[in-house]
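Written below as structure tokens is the structure these notes are about.
The values are calculated or read from the model by the stated rules, or taken from the named source; none is laboratory data. The shown structure was predicted, so the numbers you read here are calculated from the model rather than taken from an experiment. Neighbour counts run over all protein chains shown; Cβ positions are idealised from the backbone, glycine included. Note: areas computed on protein heavy atoms with side chains; ligands, DNA, RNA excluded. Shrake-Rupley method; radii C 1.70, N 1.55, O 1.52, S 1.80 Å.
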Amino acid sequence: MRILPVSSPEDPAIAEAAAILAAGHLVAFPTETVYGLGADGLNPEAVARIYAAKGRPATNPVILHVADAASAQPLVSHWTPQAQALAERFWPGPLTLVLPASALVPAIVRAGGPSVALRCPSHPVALALIRALGRPLAAPSANRSQHLSPTTAEHVASSLGEAVDLILDGGPTTAGLESTILDLSGQSPRILRPGPIPPAELGEILGPVEVWAGSVGTDETQAAPGMLARHYAPKARLELVAPGTGVRKAHGRMVYVALGALPRLPDGVFGLLLPLEAEVVAMRLYALLHELDDAGYEVIFMEQPPETEAWLAVRDRLRRASTQEHP
Ligand code: AMP
Ligand code: MG
């Protein structure tokens with residue numbers, strides 16, 4: 001595995017990465033959400049390498065990344081006016097659209113299902129890589145399945161090691177959480193995974209939009225493909241607590257992550273303060289959990305964010321990260 005820094009879309013490292021992808025191998029690259037593990041999305045053997053490298057269940061489909069809406073159209077059986085309006089407004093950006101797939105999309109990309117998930121990322125390195133390959137880039141997050149998503153090249157290297165051929169290092173990602181996934185393949189639009197684009201912004205184009213209960217509730221596991229109750233999890237046990245609760249006594253190596261104000265904590269409990277701002281917490285959450293894991297904390301207490309829509313995506317990830325059972 002090699003790591004090459006990339007500073008601009010003209011960087012020669014991008015042509016090198018595209019050649020590796022064209023040969024059916026894997027390249028990790030930065031997007032504005034998290035680092036992706038890319039393979040030629042029209043080559044089933046290459047996509048199979050993603051599943052092997054991540055230890056990803058075959059039931060969990062992958063997102064195809066495209067350079068623009070025009071390149072998305074041949075991949076779906078029916079490109080709707082709704083999809084066009086959403087793409088015009090939110091692409092390039094952190095919105096994934098699920099639509100009925102065309103015959104071009106290999107079964108392994110769809111996990112055997114009838115639909116395909118499509119996104120046009122806004123990161124200049126990701127866009128340059130897709131253009132250099134000239135084909136859709138299949139790319140889930142560049143981590144072992146059920147582990148924390150990577151927001152830096154170092155996170156990718158420590159999670160995937162030799163399973164990835166090349167990592168393009170474009171520095172830390174900015175949105176910090178995975179894309180919003182919007183399912184347009186059913187009767188009415190439905191958010192399958194909350195993300196950086198909030199429901200209200202989608203509503204400006206779609207009218208009121210349903211947020212699938214499994215993405216915000218507590219007990220549904222897999223009513224949408226690949227949506228595991230436990231996901232995005234650190235090695236430490238993560239416990240969500242009511243704001244201001246604090247902890248009474250230290251047991252083992254504990255850290256308390258407060259939002260907005262740090263309560264009094266007993267000796268031996270390390271306190272960390274994050275601002276009560278959803279976008280800042282979204283951007284820093286995974287990097288923070290990675291650091292706390294690396295520092296060897298056994299228990300992370302984190303204050304439950306407010307129940308408002310602005311915090312929807314952060315609440316979703318925290319709930320999944322704190323779910324103990326592995327379904
Ligand atoms: P990630 O590992 O962040 O790229 O996650 C990709 C997620 O997108 C999967 O876990 C699925 O939940 C979702 N997804 C991908 N393809 C589809 C699809 N065809 N239909 C519904 N959800 C999908
Ligand atoms: Mg993932």
(message) As an exercise: evaluate residue 170 against (1) closer than 17 Å to residue 122 by Cα; (2) within 16 Å of ligand 1 (Cβ to nearest atom); (3) open to solvent by 20 Å² or more (accessible area, probe 1.4 Å); (4) not aliphatic (A, V, I, L, M) and give the number of the one condition it does not meet.
(response) (2)
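Residue-by-condition table, conditions (1) charged (D, E, K, R); (2) under 26 Å from residue 171 (Cβ atoms); (3) modelled with pLDDT of 95 or more:
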position: 237; (1), (2), (3): yes, no, no
position: 250; (1), (2), (3): no, no, no
position: 275; (1), (2), (3): no, yes, yes
position: 278; (1), (2), (3): no, yes, yes
position: 303; (1), (2), (3): yes, no, yes
(message) Among the residues in segment 285-292, are any open to solvent by 30 Å² or more (accessible area, probe 1.4 Å) and in contact (Cβ under 8 Å) with a residue 12 or more places away in the chain?
(response) no
(request) Go over the candidates 131, 119, 144 one by one and state the one that is within 13 Å of ligand 1 (Cβ to nearest atom), surrounded by fewer than 20 Cβ atoms within 10 Å (Cβ to Cβ) and of a type in the set (Lys, Arg). (result) 144
(request) Could you tell me which numbered condition residue 126 fails, if it satisfies all but one of (1) surrounded by fewer than 24 Cβ atoms within 10 Å (Cβ to Cβ); (2) over 13 Å from the mean Cα position of the chain (by Cα); (3) of a type in the set (Gly, Ala, Ser)? (result) (1)
(message) Test of understanding: among 94, 106, 74, 57, which residue is farther than 17 Å from residue 137 by Cβ and either within 16 Å of ligand 2 (Cβ to nearest atom) or modelled with pLDDT of 95 or more (or both)?
(response) 57
(request) Among the strands (runs of 3 or more DSSP E) lying completely within segment 129-219, list those that include at least 3 residues that are touching a strand residue (DSSP E or B) at 6+ places or on another chain (Cβ under 8 Å) and among the hydrophobic types (A, V, I, L, M, F, W, C). (result) 166-169
(message) Looking only at segment 174-194, count every residue that is crowded, with 23+ Cβ neighbours inside 10 Å, within 15 Å of ligand 2 (Cβ to nearest atom) and of a type outside the set (Gly, Ala, Ser) and tell me the total.
(response) 6
(message) Here is a check on your reading of the model: is residue 67 at negative phi, at pLDDT 95 or above and not in a loop (DSSP other than H, G, I, E, B)?
(response) no
(request) Would you check which residues across segment 254-303 are of a type in the set (Lys, Arg) and within 16 Å of the chain's Cα centre (by Cα) and list them? (result) 284
